[in-house]
Amino acid sequence: MLRNFEVIKKLNELGFDNIKSSQQLNKLLEQSGLIEKTTNGWLRTGKGMNYSGYKFPEYRPNEWTDNIIPFLSDILKK
């Protein structure tokens, strides 16, 4: 499982150095439909569950499988 800061580091290593903070990562995750903003913070969506090690949506979603890196890099290339 990758925590948000590890996802950012891996994206930076691939040359996507415009993502430098968890806030920027959360905005990217929101735009791609993986998380959504709620009154309590961020909630992982059904689409986001595909990249999660958890079996249920959770608040403060900050752990992801390695599969999220190719998904996000494809989005950032566009």
Item checked: Members of region 52-68 found to be under 14 Å from Asn26 (Cα atoms) and in contact with a helix residue (DSSP H, G or I) (Cβ under 9 Å, 6 or more places away or on another chain), listed by number -> Pro61, Asn62, Glu63, Trp64, Ile68
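Taking the conditions exactly as written (surrounded by 12 or more Cβ atoms within 10 Å (Cβ to Cβ) and at positive phi), does Arg44 satisfy them or not? I'd like the intermediate steps shown before the answer.
Numbers: surrounded by 12 or more Cβ atoms within 10 Å (Cβ to Cβ): yes; at positive phi: no.
In short, no.
Acidic (Asp, Glu), surrounded by 15 or more Cβ atoms within 10 Å (Cβ to Cβ) and part of a strand (DSSP E or B): is that true of Glu6 in this structure? Write out each step before concluding.
Numbers: acidic (Asp, Glu): yes; surrounded by 15 or more Cβ atoms within 10 Å (Cβ to Cβ): yes; part of a strand (DSSP E or B): no.
Taking the combined requirement at face value, the residue does not satisfy it.
Among the candidates Phe71, Phe56, single out the residue that is modelled with pLDDT of 95 or more, aromatic (Phe, Trp, Tyr) and either surrounded by fewer than 16 Cβ atoms within 10 Å (Cβ to Cβ) or outside any loop (DSSP other than H, G, I, E, B) (or both). Show your work before the answer.
Details: Phe56 fails: modelled with pLDDT of 95 or more.
Exactly one residue qualifies, and that residue is Phe71.
Can you tell me how many residues in region 32-53 are assigned to a strand (DSSP E or B) and either of a type in the set (Phe, Trp, Tyr) or touching a residue at least 24 places away in the same chain (Cβ under 8 Å) (or both)?
2
Is it fair to say Leu29 is surrounded by 15 or more Cβ atoms within 10 Å (Cβ to Cβ) and part of a strand (DSSP E or B)? Don't jump to the end; show me each part of the working.
Working: surrounded by 15 or more Cβ atoms within 10 Å (Cβ to Cβ): yes; part of a strand (DSSP E or B): no.
Spelling it out, it is not the case that Leu29 is surrounded by 15 or more Cβ atoms within 10 Å (Cβ to Cβ) and part of a strand (DSSP E or B).
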Margin query: For a quick check of your reading of the model, give me the residue pairs whose first member lies in region 1-18 and is within 14 Å of Ile75 (Cβ to Cβ), whose second is of a type in the set (Phe, Trp, Tyr), with beta-carbon atoms closer than 7 Å and at least 6 apart or on different chains.
Written below: Val7/Trp64
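Filter region 32-41 for residues that are over 10 Å from the mean Cα position of the chain (by Cα) and surrounded by fewer than 15 Cβ atoms within 10 Å (Cβ to Cβ); which is farthest from Pro61 (Cα to Cα)? Explain how you work it out, then say what you get.
Filtering region 32-41 for residues over 10 Å from the mean Cα position of the chain (by Cα) gives 36-41.
Those still in the list that are surrounded by fewer than 15 Cβ atoms within 10 Å (Cβ to Cβ) too: 37-41.
Working: Lys37: 11, Thr38: 12, Thr39: 14, Asn40: 12, Gly41: 9 Å.
The selected residue is Thr39.
The values are calculated or read from the model by the stated rules, or taken from the named source; none is laboratory data. Note that the coordinates shown come from a computational prediction; the quantities given were computed from them, not determined experimentally. Don't worry about glycine lacking a Cβ; one is built from the backbone with ideal geometry, like all the others, and counts go over all protein chains shown.
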